[in-house]
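Any read-out appearing in this document is the output of simple, stated calculations on the displayed coordinates, not a laboratory observation. Everything quoted here is computed from the prediction, not taken from an experiment. Note that we place each Cβ from the backbone using ideal geometry, even for glycine, and neighbour counts take in every protein chain shown.
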C-alpha cells in the first residue's frame with residue numbers, strides 16, 4: 001500500500017496543479033516597482049501618492065471615498081462614463097494619473113465603462129481578489145492605490161481583456 005501511495009501521489013499533485021492553470025488570456029496579477037515615477041498627460045513626472053485616511057476623506061466625495069479607498073462598487077448603469085463617447089483620457093479621480101484612453105473604450109454591456117487596455121500598463125496595478133467567494137483580478141491605480149474595478153478575460157481583440165471600471169474612480173480629460 002505504501003508503494004502505491006508513493007507512486008501515485010506525485011501524479012496526483014501534478015494533475016491537480018495542471019487543472020488549476022489559467023487560460024492563456026486570463027489576466028495575471030502584476031506588481032509595479034516601489035518608488036516608481038509615472039508620466040502625467042503633459043509628460044510631467046509624477047511620484048507615488050501616500051495620504052492618510054483622513055486626508056482622503058477631505059479630498060474625495062463620500063461615493064469616491066467608498067469606491068477608491070474601500071474597494072466599493074457603484075451600481076451598474078449609474079456611472080457618468082458608462083455611455084460616454086468623447087475623445088480624451090480617463091485619469092484617476094484620486095491622483096490624476098492617466099489610466100485609460102477613449103480609443104480603448106468600448107460598450108461591453110456590463111453597465112460600467114470598459115476598456116481593452118490601459119493607457120500605460122505601468123499605470124495600473126493588478127492584484128488577486130478573492131472577495132465575494134470568487135477569484136478575480138482587482139485593478140488599482142499604481143500611483144495612489146485607489147480601487148478602480150476589475151479586469152476580466154472576456155474582452156474584444158486585440159487583447160481579449162475587459163477592464164471594467166467604476167466611473168466614480170475616473171475623471172475624464174477631453175482631447176485638446
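General observations
- When residues of region 158-176 are limited to those that are touching a residue at least 12 places away in the same chain (Cβ under 8 Å) and in a loop (DSSP other than H, G, I, E, B), the one nearest to residue 83 (Cα to Cα): 166
- Conditions (1) free of Cβ contacts under 8 Å to residues at least 60 places away in the same chain; (2) surrounded by 19 or more Cβ atoms within 10 Å (Cβ to Cβ); (3) closer than 12 Å to residue 166 by Cα: number failed by residue 97: (3)
- Looking across region 97-120, the residues that are assigned to a loop (DSSP other than H, G, I, E, B) and in contact with a helix residue (DSSP H, G or I) (Cβ under 9 Å, 6 or more places away or on another chain) come down to 97, 112, 113, 116, 117, 118, 119.
- Matching residues, region 137-167, being within 17 Å of residue 76 (Cβ to Cβ) and surrounded by fewer than 19 Cβ atoms within 10 Å (Cβ to Cβ): 154
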